[in-house]
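Worksheet: one structure, shown below.
The values are calculated or read from the model by the stated rules, or taken from the named source; none is laboratory data. The structure presented is a predicted model; accordingly, all values stated were derived computationally and were not measured. Here the Cβ positions follow ideal geometry from the backbone for every residue, glycine too, while neighbour counts run over all protein chains shown. These area figures cover heavy atoms from the full protein model, side chains too; ligands, DNA and RNA do not enter into them. Shrake-Rupley method; radii C 1.70, N 1.55, O 1.52, S 1.80 Å.
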Amino acid sequence: MRHLARAGGVLALLLASAAVSVPLAPAATAAPNARAATFEGDTTPTRSGDARPSFYNGQNATVDEFPGIIAGIRAGGTRPEGQTCTGTVVAPRKILIAAHCADIAGEKKFVYGLDDLAAYQGGAGSGFAASVVEYKKHPKYVNFDQGYDVAVVTVDRDIRLKGGAAYPKVATSADSGLATPGKSGVGYGYGKKDVDDAAKDVTLDKATLPIVDGASRCTGVGAGFSPATMICAGYGDGSTTILPGDSGGPLVIGGTIVGVASWSRSDFRWYSIYGRLTNDMGDWVRQEVGSQEPPAGELGVAVAPASGSVAAGRSLSVAVNTTAGPGGPESATLTASGLPAGVKAVLQPTSVTTGGSAKLTFDVATTATNGTSEITVTAKTASGATATGRFTLTTTGGGTPQPGDFTLGASPATAKVAAGASTSTTITSTGSGTLALSATGLPTGVQAAFQPASITAGANAKLTFTASASAPSGTSTVTVVGTDQSGKTATTTVSLTVEGSTPTPDVRVTLSPASGSTWQGGILTTTLTATGGTGSLTLSQTGAPTGTQVWFQPTTIAQGASSNITVITSGQTPTGTYPITVKATSSDGKTGTATFTLTVTRL
């Protein structure tokens, strides 16, 4: 993520929408309300006095930090890749977003899994794209500055979160005390990084925003602030703010989404207004989304509650609940990863029969570093199937560095990169002094770059790993070293997995599409194209689940030709996700394969 004209590694968090509201008519003697505007990507902030607002105190973010985050794009959008809004995946086919994001013209899609949306490359690059099936606004929504600015989007295919993470929790009226003045939330978005969008930056950012008393401090703009349906966050001068491109982006407190980015004053030198979810708006979202417990018949892991806080020197216990997969109950081994320094995880028991539960206890040392970490709990069955759940752990009251001391951390502390691609993580720090950053233990064919290369302790830096096309597969522990001006050092580690390049097969097989979802008794189609070897190519498959038929039309094709594949499920097909391997064999015995990922849901 590149950030221009921002000192000390700070950033701007930018949120989205286009229309500008008309203020309510004031009394003849009263000054009119200032204009309001949404955070939709094509919105251009108005000027107010000085040349441009200043945006501070944000930082780079990754999808691994908040796996539900997703970018909204549209045909005709003026930002790179048509980026328009930001949303949150809250169920396999459901996205939480602002209602006003539906109003701007152009075919809308969502792209998942990218720290930098520029990597999408119009569909030719990376990222998982899903098209909109239905855009359902809250029934009381009229205009963004009049409340109820929330919507639930249904997309045409399942979106599974990175690392098998659980879908984020959405606040309801039962959480009415969660987003009160004095607390702070974290906002996420892919929006602009400067007023004129000169940087054309569509990387994911985040910023911590304090919640303020909107009834007394967030008045005089648009149709007015409504505490019943809105949250006012940030600062009156916009010193830390969100900007166009992040409309619909989440405001998160303790792992729960309490609001969606809605509007601000039209110059964006003001507070950020979020649609409130700790009320009937959240109840409506929960009703539209439905339960997020793993469906019966699918292997799953859920941690309850999904987040918690514990003081140094104490312990915290949560429940780990599992559901059995298509093959029924079987033994599964449980592990926990992503633990911060000074924290130990104890699972009781360490293995369960799927469908059962375990107790997970976090024992926190008195010297543990303060902060928030994403803990991944993994269940691996005897048959080799895996599922994961996430827990957000916050440690408080830990050891504080003495003057002149400092510490380093990595968020996330694990990363994966494909050969010929790049990935990034955020290096965090505490203490005092100026730190020069370096990395050791890099695997062959991988380079590391820090942005910036030196930081003031307490600030963050972005660490990007770039793997060459020939980088071999494997997992390495990369040590990040911070060195101050006196030569004192501190370290942290990142577990880096390189998914190396694979040899070109004798026969090249492609599928379009390469995945699909249907219910029990449903039908899917895909098209296979193959070339390589000598002579005609005979087609076959393995891996289709019980009760499923796979037909090739035709079963033998010429070089470079295509075959239509029909996948027919039945009422006896177990729900779940299955890799079906399609094989093409040439007349001279050479072969190639491709995988079609079939997801079967309940009727």
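Observations on the structure shown:
- The residue that is nearest to Ser495 (Cα to Cα), counting only those in region 342-364 that are not in a strand (DSSP E or B) and not small (Gly, Ala, Ser), is Thr350.
- When Ile159 is tested against the conditions (1) open to solvent by less than 10 Å² (accessible area, probe 1.4 Å); (2) aliphatic (A, V, I, L, M); (3) closer than 15 Å to Leu251 by Cβ; (4) outside any strand (DSSP E or B), the lone failure is (3).
- Test: Asp145 is more than 30 Å from Ala304 (Cα to Cα) and not aromatic (Phe, Trp, Tyr): yes
- The number of residues in region 409-450 that are polar (S, T, N, Q), surrounded by fewer than 18 Cβ atoms within 10 Å (Cβ to Cβ) and modelled with pLDDT of 85 or more comes to 5.
- Breaking point among (1) in contact (Cβ under 8 Å) with a residue 12 or more places away in the chain; (2) more than 19 Å from the chain's Cα centre (by Cα), for Tyr188: (2)
- Filter pass, Thr497 being more than 30 Å from Gln541 (Cβ to Cβ) and part of a strand (DSSP E or B): no
- So Gly191, is it touching a strand residue (DSSP E or B) at 6+ places or on another chain (Cβ under 8 Å) and either open to solvent by less than 20 Å² (accessible area, probe 1.4 Å) or at pLDDT below 90 (or both): yes
- Search result, residues across region 529-550 that are within 15 Å of Thr595 (Cα to Cα) and either out of contact with any Gly (no Cβ under 8 Å at 6 or more places or on another chain) or of a type in the set (A, V, I, L, M, F, W, C) (or both): Ala530, Leu539, Ser540, Gln541, Thr542, Gly543, Ala544, Val550
- Applying the criterion of being open to solvent by 60 Å² or more (accessible area, probe 1.4 Å) and either under 26 Å from Thr426 (Cα atoms) or not small (Gly, Ala, Ser) (or both) to the residues of region 375-395, the residue that is modelled with the lowest pLDDT is Thr386.
- Residue in region 166-185 that is basic (Lys, Arg), within 17 Å of Val90 (Cβ to Cβ) and out of contact with any helix residue (DSSP H, G or I) (no Cβ under 6 Å at 6 or more places or on another chain) present: yes
- Only one of Leu393, Leu339 that is outside any strand (DSSP E or B) and closer than 22 Å to Tyr167 by Cα: Leu339
- Take the conditions (1) farther than 21 Å from Pro67 by Cβ; (2) surrounded by fewer than 20 Cβ atoms within 10 Å (Cβ to Cβ); Asp197 misses just one of them, which is (2).
- Gly147 vs. criteria among the small types (Gly, Ala, Ser) and either open to solvent by 10 Å² or more (accessible area, probe 1.4 Å) or not assigned by the TED database to the domain that holds Gly249 (or both): no
- Pairing each residue of region 385-408 that is under 18 Å from Thr369 (Cβ atoms) with any residue that is at pLDDT below 80 and acidic (Asp, Glu), provided the two are 6+ apart or on different chains, yields C-beta distances under 7 Å for Thr392/Glu374.
- Evaluation of Gly313 against (1) farther than 22 Å from Thr392 by Cβ; (2) open to solvent by 10 Å² or more (accessible area, probe 1.4 Å); (3) part of a loop (DSSP other than H, G, I, E, B) (one fails), failing number: (1)
- Thr333 buried (at least 20 other Cβ atoms within 10 Å of the Cβ), closer than 29 Å to Thr492 by Cα, outside the structural domain of Thr425 (by the TED database) and β-branched (Val, Ile, Thr): no
- Of all residues in region 222-281 being more than 18 Å from Ala102 (Cα to Cα) and aromatic (Phe, Trp, Tyr), the one that is surrounded by the fewest Cβ atoms within 10 Å (Cβ to Cβ): Tyr235
- Of residues in region 348-370 being open to solvent by less than 30 Å² (accessible area, probe 1.4 Å) and within 21 Å of Ala165 (Cα to Cα), the one modelled with the lowest pLDDT: Gly356
- Residue in region 211-233 that is at pLDDT 90 or above, in contact with a Leu (Cβ under 6 Å, 6 or more places away or on another chain) and not polar (S, T, N, Q) present: yes
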